[in-house]
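The values are calculated or read from the model by the stated rules, or taken from the named source; none is laboratory data. Quantities reported herein were computed from a predicted structural model and do not represent experimental measurements. Using ideal geometry, Cβ is built from the backbone for each residue, glycine included, and neighbour counts are taken over all protein chains shown.
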Amino acid sequence: MGEAPDPGHPGSDRYAVVVGATGTGKSAFALDLADELARRGRAAEVVNADAMQLYRGMDIGTAKLPVAERRGMAHHLLDELDVTDEASVEWYQRRAREVMAAILANGSVPILVGGSGLYVSGAIFDFRFPGTDADVRERYETMLTEEGVGAVHRLLRDRDPAAAAAIGSFNGRRMVRALEVGEITGEPFAVGLPEDALTWRSPQVVGLAEERAILVERLDERVDTMWHDGLVAEVEALLPKGLEQGVTASRAIGYAQAIAEVRGELSATEAQDATKALTRRYARRQVSWFHRYPRVTWAHAGQPEAVRAAADTLVG
């Protein structure tokens, strides 16, 4: 893995990247790392890499860290978008790098933290994105809405079996993007990391892991807590703001199921059970995705030695 040239930036270009499946304690680890860096005389700022935490008002269902629990640390790329806005990896790559470059220029250490694999990869690897075509995209989005994710997946499987297998049968938005890219370029959709991927500056990547049984129990409890803490009420407040019209936001795990509950299409128990199943499946995909990264230091959250080791790689 090489390093993409980026001349002219002052000072150190190292930054931390904290990844892992949902429920592995990434936010707490990032804050512990920021505290450790502060003890060594270096300020740190957290940069969000969770696609759904970009949305204003989507707090409970995304486990967005409340301001009171951020230990006074600056957090970036939270609450950037309205629920009707469509997020994209291309947009996120540009914004995340702008933010991290500014933090580095000020002499502080960015800590990029999140579990959205494509967003993290877009920020730290030298990805190049094909263009877009609004008409082509709209055609496949309409198909997704009217015929469902199964029909879109079958079409993608016929046209690009490798992309269909890698994306899986749940992520309709990525299927739409794969079909769009295939139609525009005539080439298969590149799903994973490019070979010998260059990096943007010098990421120091920490991956958080947890035993499967413990993680599943934790994820199920998290879903129960989301409903107890008012996810349905949060969704009801977002519906007048256009949540159902949001291409990205309306399909977020938990939110789609809560919308169905509000509409009377699912009972509360059915909505929670569906969310638990999808969350477990998503966590498995996250683990698979991040294990493909080169040069990751794997650790468990709550290990002080892992925090100290991460700080050593950043400032010594």
The residue from 119, 92, 140 that alone is farther than 28 Å from residue 315 by Cβ, part of a helix (DSSP H, G or I) and not polar (S, T, N, Q) is 140
Which one is modelled with the lowest pLDDT among residues in segment 274-300 that are of a type in the set (Gly, Ala, Ser) and farther than 17 Å from residue 224 by Cα? 288
Within segment 122-137, can you find the residues that are assigned to a helix (DSSP H, G or I) and free of Cβ contacts under 8 Å to residues at least 40 places away in the same chain? 122, 134, 135
Go through segment 288-316 and report how many residues are assigned to a helix (DSSP H, G or I) and crowded, with 19+ Cβ neighbours inside 10 Å. 7
Please list, ordered by first then second residue, the pairs with beta carbon atoms under 8 Å, 6 or more apart or interchain, first in segment 226-247 and polar (S, T, N, Q), second not in a helix (DSSP H, G or I). 245/84
Counting only residues that are modelled with pLDDT of 95 or more and among the polar types (S, T, N, Q), give me the helices (runs of 4 or more DSSP H) lying completely in segment 156-268 with at least 1 of them. 212-228, 255-262
Yes/no for residue 111 being buried (at least 17 other Cβ atoms within 10 Å of the Cβ) and touching an Asp or Glu at 6+ places or on another chain (Cβ under 6 Å): no
Could you tell me whether any residue of segment 235-254 is surrounded by 20 or more Cβ atoms within 10 Å (Cβ to Cβ), farther than 30 Å from residue 123 by Cα, out of contact with any Gly (no Cβ under 9 Å at 6 or more places or on another chain) and outside the structural domain of residue 22 (by TED's automatic domain parsing)? no
When you scan segment 138-149, how many residues do you find that are acidic (Asp, Glu) and touching a residue at least 24 places away in the same chain (Cβ under 8 Å)? 1
Among the residues of segment 32-51, are any touching a residue at least 12 places away in the same chain (Cβ under 8 Å), under 17 Å from the mean Cα position of the chain (by Cα), assigned to a helix (DSSP H, G or I) and within 19 Å of residue 20 (Cβ to Cβ)? yes
Can you confirm whether residue 82 is more than 27 Å from residue 16 (Cβ to Cβ) and either exposed (fewer than 15 other Cβ atoms within 10 Å of the Cβ) or without any contact (Cβ under 8 Å) to a residue 24 or more places away in the chain (or both)? no
Being buried (at least 16 other Cβ atoms within 10 Å of the Cβ) and not polar (S, T, N, Q) is true for just one of 229, 220. Which residue is that? 220
